[in-house]
Every structure is written in C-alpha cells, then in structure tokens.
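I have placed the structure first, in the form of structure tokens, so that the comments after it can refer back to it.
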Amino acid sequence: MKDKAFNKGLKKLQKDKDLNNLLSNMKVPTFPKEKNYFQSLIKYIIYQQLSLASAKSIYDRLLLLFKRNNFTPKNFKKISSNKIFEIGVSRPKIKYMNEVAETFIKEKNYLKNSDNLSDNAIIESLIKIKGIGPWTAEMFLMFTLNRLDIFPLKDLGIKKGMQQLYKLDKIPSDEYMIKKSNNWSPYRTIASLYLWKLIDGNNFDW
C-alpha cells in the first residue's frame with residue numbers, strides 16, 4: 001500500500017461531515033503490509049469471534065512457540081496440536097490452521113499472484129479452505145494486502161462503530177451500513193480503521 005494512496009483516502013474521508021470530526025480527533029491508524037501470507041491467515045483464524053485483547057494474547061503466545069524458527073507452514077506442522085491447544089487455541093481452530101498449512105504446502109505459489117487478482121477472486125479462493133469465511137478473507141485483504149476499499153459488514157466492532165457514529169438507538173441494518181459506507185468508497189478500509197478506534201480506543205491498532 002502506497003502512502004500517497006492512504007493520504008488521498010484520508011483527504012476524501014475528511015470531506016464527509018460524519019467522519020470529519022472522528023478523523024480530526026483520532027490518531028492516524030498504523031497500516032503495515034504483512035508479507036507472510038500464511039502467518040497472516042493463521043493470525044486471523046485466531047481472531048475469529050474473540051475479543052481483540054484475548055486474540056492478541058493468544059497470538060503472541062503462538063509466536064513464542066516458533067522461537068527462532070521462521071513462521072512457515074512446515075514449521076507450524078512440527079508443533080504439536082496439544083501445545084497449540086494449551087496456549088488457548090480451540091481444537092476446531094487448530095484443524096482450520098492445519099488446513100491452511102496443508103494448502104500452502106501443496107500449492108507452493110498459493111496467492112503469490114494476489115496483486116493481480118480482484119478482491120472477489122481472492123475471497124473466493126480463500127473461502128475454499130475449511131475454516132476461512134468471508135470475515136477472515138476480508139481481514140486478509142485489509143491488513144495483508146492493504147486493499148483500501150474493504151468493508152467488513154458482519155464485523156461487530158464495525159456495526160457498533162456505525163451505531164455510535166450516527167447516534168443510532170440500535171445496531172444498524174446491513175442495508176443501512178451498505179448505503180452509508182458507499183459514500184466512503186473507494187476508501188472504506190480506512191473508514192473501518194477509524195470505526196474500530198471509535199469502539200476500542202484511540203490507541204487501538206490491529
């Protein structure tokens with residue numbers, strides 16, 4: 001992701017009367033590009049349906065299991081399932097992680113040409129792996145590939161963020177969220193980063 005593109009997105013979003021105040025009072029989110037595709041997918045499997053604090057704690061413990069070894073599918077397979085379970089990863093998620101590892105081992109060039117693929121093509125490829133649904137694929141697009149126009153519609157933090165942003169009495173409908181977020185295209189990823197900050201605090205970064 002180029003800084004120029006991100007900054008261009010910020011300028012566009014600042015013109016939105018609902019977002020302008022939020023952007024003015026929040027720190028600019030960090031948005032590094034992750035080069036290890038396998039590690040990134042493992043990370044967001046851990047993050048599925050967990051609080052961010054709990055997920056980060058488990059993920060940090062997983063990183064310690066690798067010690068000095070690189071975070072690769074083959075090195076992951078060398079770690080026993082029991083050790084992974086003991087750090088807080090559920091048995092179903094361990095199975096999903098092994099599915100991802102097997103995919104990368106069997107297809108050595110898996111996702112290598114992702115820069116040339118559309119968002120939908122990448123999502124369709126990823127959700128073929130058991131345990132990876134649309135949300136995980138969207139996190140991959142946002143934080144691994146730095147795609148700037150992703151809007152994770154089903155994410156609870158995003159729903160609560162929009163509820164707070166627009167001062168709604170209840171969680172907004174999908175239709176409402178789509179209509180509002182379309183005004184932020186093609187920079188819905190950046191808007192999402194700020195919505196998470198609105199809920200999880202100004203210092204929050206993924």
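Can you divide the C-alpha Rg of the range 37-144 by 2.2 N^0.38 Å and report the result to two decimal places?
1.02
What does the convex hull of the alpha-carbon atoms of the range 101-163 project to on average, in nm²?
On the way: hull surface 18.8 nm².
For the range 101-163, averaging the hull's shadow over all directions gives 4.7 nm².
Arranged from highest to lowest average of other beta-carbon atoms within 10 Å per residue, in what order do the peptides 96-103, 122-129 appear?
96-103, 122-129
Mind putting a number on the dipole of the chain about its Cα centre? Charges go on the C-beta only, +1 for Lys and Arg and -1 for Asp and Glu, and I need it in Debye to the nearest 20.
500 debye
Can you sort LYS170, LYS77 by how many other beta carbons sit within 10 Å, fewest first?
Placing the least packed residue first, the sequence is LYS170, LYS77.
With each label point set 7 Å from Cα along the Cα-Cβ vector, what nm distance links LYS154 and LEU64?
3.2 nm
Once the Cα gyration tensor of the range 18-74 is diagonalised, what are the square roots of 5 times its eigenvalues, in whole Å and ordered largest first, as equivalent ellipsoid semi-axes?
29, 14, 11
As a test of the formula, what do you get for the chain when each DSSP H run with n ≥ 4 contributes -39,500 (n - 2.57) and the sum is divided by the residue count, at 222 nm and rounded to the nearest 500 deg cm²/dmol?
Using -39500 (n - 2.57) per qualifying helix, the result is -17000 deg cm²/dmol.
Would you mind ranking SER40, SER57, SER185 so that the residue whose beta carbon has the fewest other beta carbons within 10 Å leads the list?
Fewest-to-most Cβ neighbours within 10 Å comes out as SER185, SER57, SER40.
Of ASP155, ASP174, how do they rank once you tally other Cβ atoms within 10 Å and put the fewest first?
Taking fewest neighbouring Cβ atoms as first place, the list is ASP174, ASP155.
Among the listed pairs LYS12/LYS93; LYS11/LYS159; LYS33/LYS93, give every one whose C-alpha distance is greater than 32 Å.
LYS12/LYS93
Just so you know, all these numbers are worked out from the coordinates, no wet-lab data involved. Just so it is clear, the model here is predicted, and its values are computed rather than measured. Every residue, glycine among them, receives a Cβ derived from its backbone with ideal geometry; neighbour counts consider all protein chains shown.
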